[in-house]
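Worksheet: the structure to be examined is printed underneath.
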Amino acid sequence: MRKLPQSGFTLIELLIVIAIIMVLSAVGAVGYMMAVRVTRDAKRQADLKIISSALEQYQNDAHNYPPNQITFTIGMNLTDPTGTKVYLNDVPTDPSPSSTYPLYLYTPLTRTGASCSGTPANCQFYCLYAVLEAGSSMAALCPDTGSYNLEVTPP
């Protein structure tokens, strides 16, 4: 009786292929998660530019920046002191799905970087803060806030 030739893969060959697929999947997942973090950081930077633009419009009208520190929250808007002129309808929301990151923070300062003490005429500079997941960009003129690692100053 003639023996038929064996066809197919051995168990070792299958295990090697499965291991290679698992390693490639792990590398792809790590790359994907990093790309998602970088994308959320780009949105945070764009959000701060939107808020900065609204603050510049406020400054053009009032000749100073808003005098009080503001933690921008969802649904908040930026208006003039009388509340009649709106500079920013809705504050952009932080793109983090877990909401463990703090919201955007605005701190008014004098030209020398000191607190303007709530006096509008002294508020000629500001720092906007956010938290980046994949990096940092700190301005030398802004006071250290501890938890924030992105700072934006007036143009």
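The values are calculated or read from the model by the stated rules, or taken from the named source; none is laboratory data. Given the structure is predicted, the values throughout are model-derived calculations rather than measurements. Here the Cβ positions follow ideal geometry from the backbone for every residue, glycine too, while neighbour counts run over all protein chains shown.
Exactly one condition in (1) modelled with pLDDT of 85 or more; (2) more than 14 Å from the chain's Cα centre (by Cα); (3) under 19 Å from ASP41 (Cα atoms) is not met by GLY146; state its number.
Result: GLY146 fails condition (1) only.
When the residues of the stretch 44-94 are filtered to those that are aromatic (Phe, Trp, Tyr) and without any contact (Cβ under 8 Å) to a residue 40 or more places away in the chain, which remaining residue is surrounded by the most Cβ atoms within 10 Å (Cβ to Cβ)?
We begin by selecting, within the stretch 44-94, every residue aromatic (Phe, Trp, Tyr); these are 58, 65, 72, 87.
Now restrict to residues that are without any contact (Cβ under 8 Å) to a residue 40 or more places away in the chain: 58, 72, 87.
Values: TYR58: 20, PHE72: 24, TYR87: 20.
That would be PHE72.
Taking only the stretch 55-69 into account, find how many residues are in a loop (DSSP other than H, G, I, E, B) and within 13 Å of ALA121 (Cα to Cα). Spell out the reasoning first.
Just the residues of the stretch 55-69 that are in a loop (DSSP other than H, G, I, E, B), to begin with: 63-69.
Then drop every residue that is not within 13 Å of ALA121 (Cα to Cα), which leaves 63-68.
Residues in the stretch 55-69 being in a loop (DSSP other than H, G, I, E, B) and within 13 Å of ALA121 (Cα to Cα): 6 in total.
Evaluate the stretch 70-77: report whether one residue or more is in a loop (DSSP other than H, G, I, E, B) and either among the hydroxyl-bearing types (Ser, Thr, Tyr) or in contact with a Ser or Thr (Cβ under 7 Å, 6 or more places away or on another chain) (or both).
At the first step, the residues of the stretch 70-77 found to be in a loop (DSSP other than H, G, I, E, B) are 72-77.
Narrowing further to those that are either among the hydroxyl-bearing types (Ser, Thr, Tyr) or in contact with a Ser or Thr (Cβ under 7 Å, 6 or more places away or on another chain) (or both): 73-74.
The answer is yes; a qualifying residue exists.
Residue check: is VAL86 closer than 26 Å to PRO155 by Cα, of a type in the set (Val, Ile, Thr) and touching a strand residue (DSSP E or B) at 6+ places or on another chain (Cβ under 9 Å)? Write out each step before concluding.
Numbers: closer than 26 Å to PRO155 by Cα: yes; of a type in the set (Val, Ile, Thr): yes; touching a strand residue (DSSP E or B) at 6+ places or on another chain (Cβ under 9 Å): yes.
Against the criterion (closer than 26 Å to PRO155 by Cα, of a type in the set (Val, Ile, Thr) and touching a strand residue (DSSP E or B) at 6+ places or on another chain (Cβ under 9 Å)), VAL86 qualifies.
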